[in-house]
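Student: The structure's right below; bear with me while I get my questions together.
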Amino acid sequence: MITFNKKKTAQPKPEIDKHYKSDFKHLLRIRDLTPQELSSLVLDAYKIKMANSKKIATTMTVGKKAVSFFSKSSSRTKSSWEVACSNLGIFSSFNNATDSQLGNKESIADSAKVFSQYYDIAGWRCMKYEDILTFANNASVPCVNLLCDQNHPTQAICDLLTILVHFRRIKGIKIAFIGACNNNVARSLIEGILMCGGSYVGIGPKAAHPTQEELSFYQSLASQYGGTVKFSTDLIEVQGVDVIYQDVFLDLGEQFNLWPSRLALYHGYQVTKDVMAKAKKECIYMHCLPAINGSDSNYSEFVKERLSKKFPWVSKGEVEVTAEVFNSANSVVFQQAQNRLFAMEAILRWLLAVNHK
């Protein structure tokens, strides 16, 4: 069961906090949810997981129509959206970056108004948060942020579910995010774990830390819900954590020529067995995937062949995490990946139900 501390007096939110204007409930950022909504979403995802996605369709989902737009490539998000729609009895229409005029020949606002007349719910993996915000502000259906430059809320719901399944609680759990500790995945996870009464420590170079404005917002969440949040450059901070979490050091949409500067920036933040040993014995390893872990991928091969002379620590094609840790008993990365489906099913069920007229 997920429990929350009694909400304290709300702190003023920073200027970066822009709310959508429409009357519809959307999932654009975790912070836009109430703690009760977040709790209900994670608990529903847990119930769906226990049912193995069987008999989960409702009168609010069967016969509905969903549209998704992917301006970036995707594996888990696209597949979880498509399979979730199928399991819920929803017709799904997928559009890649060139399949529609969205944001190209037609403005985002106009496209949102058009697609709202055909579909009951929309999802978009876009380049900028402002784009999905504009879409939601002009749509007359609920919208889901399937990843943007600032947030990845569907991943965070999955991550909270993974923690709940493993520890049987979220309140009081402490996460250490090592490396890119304030990127889009991290921001949504920070908001989610703090709203659930957990704690977060970001460990990485100063360049990866949040602005003072962002940090103040995180601190206000921690104060309201009884957790803690801090950022550090020192791996000693993994002591006593329940979860070590990572993302790639180079976003998969970025160019290969950025690898040298990125490896120089994140040198010393690779998760090895020695890093895991500093945490609690029962600490789990999580990764949003894909990981550059020495497996047979283009990224691992590129790093190994082109960069290992200058950066010997990646000579095996292992970047943010070693294969030893990634494939260890403490790693839950593939259970986490499976949970993307259950989280997406819960999100679609909730949005279609709460926006039902």
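Student: Is it the case that segment 231-244 has a residue that's more than 21 Å from V332 (Cβ to Cβ), touching a Lys or Arg at 6+ places or on another chain (Cβ under 8 Å), of a type in the set (S, T, Y) and surrounded by fewer than 22 Cβ atoms within 10 Å (Cβ to Cβ)?
Tutor: Yes: one or more hits.
Student: Just the residues that are more than 12 Å from L28 (Cα to Cα) and either among the charged types (D, E, K, R) or open to solvent by 10 Å² or more (accessible area, probe 1.4 Å) (or both), please, taken from segment 150-163.
Tutor: D159
Student: Residues of segment 95-114 being touching a Leu at 6+ places or on another chain (Cβ under 6 Å) and more than 16 Å from E130 (Cβ to Cβ), which ones?
Tutor: Passing the criteria: none in range.
Student: If you don't mind, there's one more thing I want to ask. Before we move on, is Y119 aromatic (F, W, Y), assigned to a loop (DSSP other than H, G, I, E, B) and crowded, with 18+ Cβ neighbours inside 10 Å?
Tutor: Here the answer is yes, as Y119 does meet what is asked.
Student: Those residues that are on the phi < 0 side of the Ramachandran plot and of a type in the set (D, E, K, R), I need them from segment 138-177; list them, please.
Tutor: Listed by number, the residues that qualify are D149, D159, R169, K171, K174.
Student: With open to solvent by 40 Å² or more (accessible area, probe 1.4 Å), more than 23 Å from V201 (Cβ to Cβ) and in contact with a Leu (Cβ under 7 Å, 6 or more places away or on another chain) as the only criterion, which of L348, L258 stands out?
Tutor: L258 is the lone residue from the list that is open to solvent by 40 Å² or more (accessible area, probe 1.4 Å), more than 23 Å from V201 (Cβ to Cβ) and in contact with a Leu (Cβ under 7 Å, 6 or more places away or on another chain).
Student: For segment 220-332, give me every one of the strands (runs of 3 or more DSSP E) that falls completely inside it and has 2 or more residues that are touching a helix residue (DSSP H, G or I) at 6+ places or on another chain (Cβ under 6 Å).
Tutor: 284-287
A quick yes/no check of all residues on (1) open to solvent by 30 Å² or more (accessible area, probe 1.4 Å); (2) over 20 Å from the mean Cα position of the chain (by Cα); (3) farther than 19 Å from N145 by Cα:
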| site | (1), (2), (3) |
| --- | --- |
| A51 | yes, yes, yes |
| F70 | no, no, no |
| S86 | yes, yes, yes |
| S100 | no, yes, no |
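Student: Kindly indicate the residue of segment 169-182 that is out of contact with any Phe, Trp or Tyr (no Cβ under 9 Å at 6 or more places or on another chain) and touching a residue at least 60 places away in the same chain (Cβ under 8 Å) and also surrounded by the fewest Cβ atoms within 10 Å (Cβ to Cβ) among those meeting that condition.
Tutor: Once the filter is applied, the top-ranked residue is R169.
Student: Need pairs with beta-carbon distance below 8 Å; first residue part of a loop (DSSP other than H, G, I, E, B) and within segment 146-166, second open to solvent by less than 10 Å² (accessible area, probe 1.4 Å) and of a type in the set (A, V, I, L, M); sequence gap 6+ or separate chains.
Tutor: What qualifies is C148/I132; N151/L28; N151/I30; H152/V185.
Conditions (1) at pLDDT 95 or above; (2) among the acidic types (D, E); (3) under 20 Å from the mean Cα position of the chain (by Cα), marked per residue:
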position	(1), (2), (3)
F249	yes, no, yes
Y266	yes, no, no
Y285	yes, no, yes
Y299	no, no, no
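Student: Quickly run through segment 301-321 and pick out the residues that are free of Cβ contacts under 8 Å to residues at least 60 places away in the same chain and touching a strand residue (DSSP E or B) at 6+ places or on another chain (Cβ under 7 Å).
Tutor: The answer is E318, and nothing else.
Student: With the structure loaded, tell me whether S79 is open to solvent by less than 80 Å² (accessible area, probe 1.4 Å), outside any helix (DSSP H, G or I) and among the hydroxyl-bearing types (S, T, Y) or whether it fails that test.
Tutor: no
Student: Still on this structure, I have one more. Could you list all residues from segment 123-134 that are part of a helix (DSSP H, G or I) and either under 18 Å from the mean Cα position of the chain (by Cα) or within 19 Å of K78 (Cα to Cα) (or both)?
Tutor: Scanning segment 123-134 gives Y129, E130, D131, I132, L133.
Student: From the list T59, T34, which one is closer than 23 Å to V185 by Cβ and open to solvent by 50 Å² or more (accessible area, probe 1.4 Å)?
Tutor: Sole residue among the options that is closer than 23 Å to V185 by Cβ and open to solvent by 50 Å² or more (accessible area, probe 1.4 Å): T34.
Student: Further question: Go through (1) of a type outside the set (A, V, I, L, M); (2) touching a Lys or Arg at 6+ places or on another chain (Cβ under 6 Å); (3) open to solvent by less than 50 Å² (accessible area, probe 1.4 Å) and name the single condition S308 misses.
Tutor: Every listed condition holds for S308 apart from (2).
Student: Six or more apart or on different chains, Cβ under 7 Å: which pairs go from a residue in segment 253-266 that's small (G, A, S) to one that's surrounded by fewer than 19 Cβ atoms within 10 Å (Cβ to Cβ) and modelled with pLDDT under 95? Could you list them?
Tutor: Matching pairs, first to second residue: G253/K72.
Student: Here is a further query. Taking the options K113, K72, name whichever one is basic (K, R) and either in contact with a helix residue (DSSP H, G or I) (Cβ under 9 Å, 6 or more places away or on another chain) or without any contact (Cβ under 8 Å) to a residue 24 or more places away in the chain (or both).
Tutor: K113
The values are calculated or read from the model by the stated rules, or taken from the named source; none is laboratory data. Since this is a predicted model, take the numbers as computed values, not measurements. Virtual Cβ from ideal backbone geometry, glycine too; neighbours counted across all protein chains shown. Quick note on the areas: whole protein, heavy atoms, side chains included, nothing else; ligands and nucleic acids left out. Shrake-Rupley method; radii C 1.70, N 1.55, O 1.52, S 1.80 Å.
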